[in-house]
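For reference, the structure is listed below as structure tokens.
The values are calculated or read from the model by the stated rules, or taken from the named source; none is laboratory data. All of these numbers come straight from a predicted model, not from anything done at the bench. FYI the Cβ positions are ideal-geometry reconstructions off the backbone, even for glycines, and counts take in every protein chain you see. We work out accessible area using only protein heavy atoms, side chains counted, and drop any ligands, DNA or RNA first. Shrake-Rupley method; radii C 1.70, N 1.55, O 1.52, S 1.80 Å.
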Amino acid sequence: MRAVSVALPLPIRKNFAYRVPETLPLPPPGTRVRVPFGERVLTGVVVSDGADAEGKGSLLRGVLEVLDDAPVCPPEMLETAAKVAHRFFAAEGEILKSALPARLHATGSVRYRITEKGALAAARADTEARPFLEALADGRVARLAELPPEARPRRETVRALEEKGWIRAVSRERREARRPILAYLPSRVGAAERETLLGRSRRGREALAWLDELGRPATAADVRLATGAGPAVLRGLAQKGLLLTFEQIEKEEPSPLSSTALLAPPDLVLTAEQYRALETIRSAIGERRYLPALLQGVTGSGKTEIYLRAIAAAWDLGRGSVWLVPEIALTPVFARQLRRQFGERAAVLHSALSEGERARAWDRVRSGDAPIVIGPRSAAFAPVTDPGLFVVDEEHDPSYKQRENPRYDAREVAAIRAKANGAALVMGSATPSMEAYYAARTGKMASLRLTSRIESRPLPRVEIVDLRREKASPEEKGVPLFSAALLERLTETFGRGEQAILLQPRRGFAPFLLCRECGFDFRCSRCSVSRTVHDRGRRLICHYCGEKVPRPERCPECGGSLLEAIGAGTERVAERFAQLFPDVPWTILDRDSARRRGVEAVVDDVLSGRARCLIGTQMVAKGHDFPNVTAVGVLSADSILNFPDFRAAEKTFQLLSQVAGRAGRGDLPGTVHVQTFHPGHPAILRAAAHDVDGFAGEELLFRRTFFYPPFSELAAVLVSSPNREKAEEVGREIGRALETAALGKPVRISGPAPAPIERLQGRWRFQTLLRAPDRAAILSLLEDSIPERSPAGAQVAVDVDPQDLM
């Protein structure tokens, strides 16, 4: 029987069999098809033939349309998706949906155009050819699969029409002309009229506020990425006169270098440690041997140079490369280095590109025109032909784990693909995750170490500042932003014409607004967290659901007027810095500024000297190389330490070590001042001593004692519902099912209990944690106890190997 198994983009951990009508070609695995599912029509990917559907016959629903003449997913991609879905208890269809661009063009190079002769003869064509010719009569160029079924002739008929000269095959798909797209800008409408026109539209308010901040036209895709507001919201605002619309040409994928000639790398002499590491990687690529390796190098030791030369070595051997970086916002910074050397042979892939840009980049990679790919998490699925190298830069970063369905980890995707292709997997970090560190220590990964900086430059000297002994100015409310020692160091730094970085882990103006009369803290109406004060106190924003409200004049609980912004974010730090150093230009790098200006613009300000102080969140610690930065100040080292997460100490150590590594990377030595209320904490002491091995030894002892990764496998089962009682009830039902299924198995179960953030985006959440010696035990338990479909009124989400337990 003609049948296929189709993976659909649904949170259901099985694939579905469909019958292929005789009127359609039998689609091979990797081909996209449109199929009925319930009352809907969905696009899925054929993953195998329908051998398991024998005997079902007419019970199967039929495929409606075959979208591709040739597979869009190579066999390796299908195998990877299946393995990733199994390892993370996810749906294969959702994995494939994450991997494929949403607007990927249908494949098949042959498209057909009607000729003048065919247009004149259409009226006398036979009953099979006439609908086909009429479908092309308006001058369109189309593939057979793009036409409605009634206008789709047999291949023999198509060949006959070609021979008659009635149709012409366009042998190569032409690049679509860049089309004009709408961009939006706020109109000049008074505040009162704006409020009236906006009404109760929350999305509309968010979109307008963001466009106000941006100060330039933005496309619908830009607005959706920043605020979640869709095109319909923007059209409604434009109809009301709140937005002006412009036409601009759709952006091509950025391509700074038009030359396709490989550029010679800089004439840098590798250190002995760099050379040994590179030769180990190069050997594995050439031998087509799977090599998982931890490249552990102190900050400034030249890991990026090894990545670039290893990519060049793979290219010389005719193999492709994938370079993963932690965040979308940072991709352009690293892509610039890659393209400087490899030109248009390098492609950028990430979800913030427009759908058209991402589809074009995907096609370039799939065709072999761009065998080198750089991007964040989703680039792990890039369809590189014969990949020989996978680089996971800053492998310790939790951003590689997706926090929503499908909850996969790009580091494991890279490992699965590297093993399948006989490729080198290079996990690079100055502060490796405990899992990678332990794997290298026990021989599961090769250990490649870079123990000194380039040109033997010294690591920065770190001074721990005890904030308990510092005096705060009246406006600092008992918590000094700048200690005396840090102020003295900054004064010296700016006096010598050097630059500084200040790390404040929180963005916005202040973490929360407090009523001094009754203690009300203006919590989000949908989440169990306080709203952050933004725009120097003018707005309150929830960083979890995005809810925004104007700062009130009085407390809604008691009517009091003593409302005070407590604590400090990057905005308040910048305000205080400007008071202390009025002649020193500064800039901010956090998620807000990255969305508003782009990371590249901020980085260029620092590199050019237009900004002499960079103030920011964790983003300032991620891989930047500023040769003139000699001073780093960590204004609050305690923000992560108090999180209810067993990785809190590890994350604190990594953040402090990484930001310290931004100092002294040029010819001048650097210093770091770490301000803390916990000066004796091991994570802070070890970070100050640049002692990765010492911290890892203590942390691994803690993990072994309490049976945490890497000495166990971990999974979280999260039940959520708009109704708290329902969430708790289903959570307990799932907990009982887990306990029953765990009898006789080496699995520890904790919970169910309210999640640390109990309410998020309007849903109450209860969490159960599972720990077992190996992943197989975890997956077996989940298969036995988690229902395929969530109970009515609740959602059940499973996160295997969670990186965030909040």
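Quick one: would you say R507 is part of a helix (DSSP H, G or I), touching a helix residue (DSSP H, G or I) at 6+ places or on another chain (Cβ under 7 Å) and open to solvent by 20 Å² or more (accessible area, probe 1.4 Å)?
Numbers: part of a helix (DSSP H, G or I): no; touching a helix residue (DSSP H, G or I) at 6+ places or on another chain (Cβ under 7 Å): yes; open to solvent by 20 Å² or more (accessible area, probe 1.4 Å): yes.
No.
Each row is one residue, and each column tells you yes or no for (1) among the aliphatic types (A, V, I, L, M); (2) within 28 Å of S98 (Cβ to Cβ).
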site: T299; (1), (2): no, no
site: A313; (1), (2): yes, no
site: L338; (1), (2): yes, yes
site: Q341; (1), (2): no, no
site: E344; (1), (2): no, yes
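Considering region 641-681, and only residues there that are in a loop (DSSP other than H, G, I, E, B), of a type outside the set (K, R) and in contact with a Gly (Cβ under 9 Å, 6 or more places away or on another chain), the residue that is surrounded by the most Cβ atoms within 10 Å (Cβ to Cβ) turns out to be A663.
Among the residues of region 412-436 satisfying the criterion of being crowded, with 24+ Cβ neighbours inside 10 Å and under 17 Å from I95 (Cβ atoms), which is farthest from the chain's Cα centre (by Cα)? Looking at the filtered set, the residue picked out is R417.
Selection over region 380-392 of residues that are in contact with a strand residue (DSSP E or B) (Cβ under 7 Å, 6 or more places away or on another chain) and either open to solvent by less than 10 Å² (accessible area, probe 1.4 Å) or of a type in the set (G, A, S) (or both) gives a count of 9. Can you spot a residue in region 326-340 that is modelled with pLDDT of 85 or more and within 18 Å of the chain's Cα centre (by Cα)? Scanning region 326-340 turns up at least one residue that is modelled with pLDDT of 85 or more and within 18 Å of the chain's Cα centre (by Cα). Residues being open to solvent by less than 40 Å² (accessible area, probe 1.4 Å), more than 25 Å from the chain's Cα centre (by Cα) and touching a residue at least 40 places away in the same chain (Cβ under 8 Å) are entirely absent from region 746-761.
Does A777 satisfy the condition of being farther than 27 Å from T431 by Cβ and either without any contact (Cβ under 8 Å) to a residue 24 or more places away in the chain or of a type outside the set (S, T, Y) (or both)? Yes; evaluated as a whole, the condition is true for this residue.
Taken over region 75-133, the residue count meeting the criterion of being at pLDDT below 85 and closer than 30 Å to L349 by Cβ is 11. Are any of the residues in region 208-221 more than 20 Å from E355 (Cα to Cα), open to solvent by less than 10 Å² (accessible area, probe 1.4 Å) and in contact (Cβ under 8 Å) with a residue 12 or more places away in the chain? Yes, region 208-221 contains a residue that is more than 20 Å from E355 (Cα to Cα), open to solvent by less than 10 Å² (accessible area, probe 1.4 Å) and in contact (Cβ under 8 Å) with a residue 12 or more places away in the chain.
Among all residues of region 318-330, there is none that is in a helix (DSSP H, G or I), open to solvent by 20 Å² or more (accessible area, probe 1.4 Å) and more than 20 Å from R411 (Cα to Cα). The numbered conditions (1) under 27 Å from S301 (Cα atoms); (2) out of contact with any Asp or Glu (no Cβ under 8 Å at 6 or more places or on another chain); (3) among the acidic types (D, E) are all true for E733 except (1). Against the list (1) touching a strand residue (DSSP E or B) at 6+ places or on another chain (Cβ under 6 Å); (2) within 23 Å of R595 (Cα to Cα); (3) assigned to a helix (DSSP H, G or I), the condition H350 fails is (3). Against the test of being open to solvent by less than 60 Å² (accessible area, probe 1.4 Å) and either assigned to a helix (DSSP H, G or I) or over 20 Å from L656 (Cα atoms) (or both), the options G560, G633, G623 yield a single qualifying residue, G560.
Out of everything in region 437-469 that is charged (D, E, K, R) and either part of a helix (DSSP H, G or I) or open to solvent by less than 50 Å² (accessible area, probe 1.4 Å) (or both), what residue ends up being farthest from A81 (Cα to Cα)? Checked region 437-469; the qualifying residue farthest from A81 (Cα to Cα) is R469.
Within region 752-806, the set of residues being of a type in the set (D, E), within 14 Å of I734 (Cβ to Cβ) and at pLDDT 90 or above comprises E783, D784, D799. Looking across A232, A264, A220, A191, one residue alone is over 30 Å from the mean Cα position of the chain (by Cα), modelled with pLDDT of 75 or more and of a type in the set (A, V, I, L, M). It is A191. Screening L60, L24, L67, L10 for residues that are touching a helix residue (DSSP H, G or I) at 6+ places or on another chain (Cβ under 9 Å), of a type outside the set (D, E) and within 30 Å of R403 (Cβ to Cβ) leaves exactly one candidate, L10.
Can you find, within region 287-303, the residue that is farthest from the chain's Cα centre (by Cα) among those that are open to solvent by 10 Å² or more (accessible area, probe 1.4 Å) and farther than 21 Å from L656 by Cβ? Give the derivation first.
Filtering region 287-303 for residues open to solvent by 10 Å² or more (accessible area, probe 1.4 Å) gives 287-292, 296, 298-300, 302-303.
If we keep only those that are farther than 21 Å from L656 by Cβ as well, we get 287-292, 302.
Working: E287: 32, R288: 29, R289: 29, Y290: 26, L291: 25, P292: 23, G302: 25 Å.
Looking at the filtered set, the residue picked out is E287.
When R336 is tested against (1) farther than 27 Å from T431 by Cα; (2) open to solvent by 50 Å² or more (accessible area, probe 1.4 Å); (3) in a helix (DSSP H, G or I), just one condition goes unmet, and that condition is (1).
A residue that is surrounded by fewer than 21 Cβ atoms within 10 Å (Cβ to Cβ), under 23 Å from F677 (Cα atoms) and free of Cβ contacts under 8 Å to residues at least 12 places away in the same chain occurs somewhere in region 488-495.
Confirm whether L738 is closer than 18 Å to F89 by Cα and surrounded by 14 or more Cβ atoms within 10 Å (Cβ to Cβ). Spelling it out, L738 is indeed closer than 18 Å to F89 by Cα and surrounded by 14 or more Cβ atoms within 10 Å (Cβ to Cβ).
Selection of region 721-732 for residues being under 18 Å from D799 (Cα atoms) and either open to solvent by 60 Å² or more (accessible area, probe 1.4 Å) or free of Cβ contacts under 8 Å to residues at least 24 places away in the same chain (or both) yields only R732. Selection of region 695-720 for residues being aromatic (F, W, Y) and either closer than 28 Å to R765 by Cα or open to solvent by 10 Å² or more (accessible area, probe 1.4 Å) (or both) yields F702, F706, F707, Y708, F711.
Candidates are the residues of region 526-540 that are in a strand (DSSP E or B) and open to solvent by less than 20 Å² (accessible area, probe 1.4 Å); the one that is nearest to L214 (Cα to Cα) is H534. Going by the structure shown, is A284 closer than 30 Å to V672 by Cβ and either in a helix (DSSP H, G or I) or open to solvent by less than 20 Å² (accessible area, probe 1.4 Å) (or both)? Judged against the criteria, A284 is not a match. Consider region 470-487 and keep the residues that are among the acidic types (D, E) and surrounded by fewer than 17 Cβ atoms within 10 Å (Cβ to Cβ). The one that is farthest from the chain's Cα centre (by Cα) is E475. Under the condition of being within 31 Å of the chain's Cα centre (by Cα), farther than 23 Å from E76 by Cβ, open to solvent by 30 Å² or more (accessible area, probe 1.4 Å) and touching a residue at least 60 places away in the same chain (Cβ under 8 Å), the residues counted in region 5-44 number 1.
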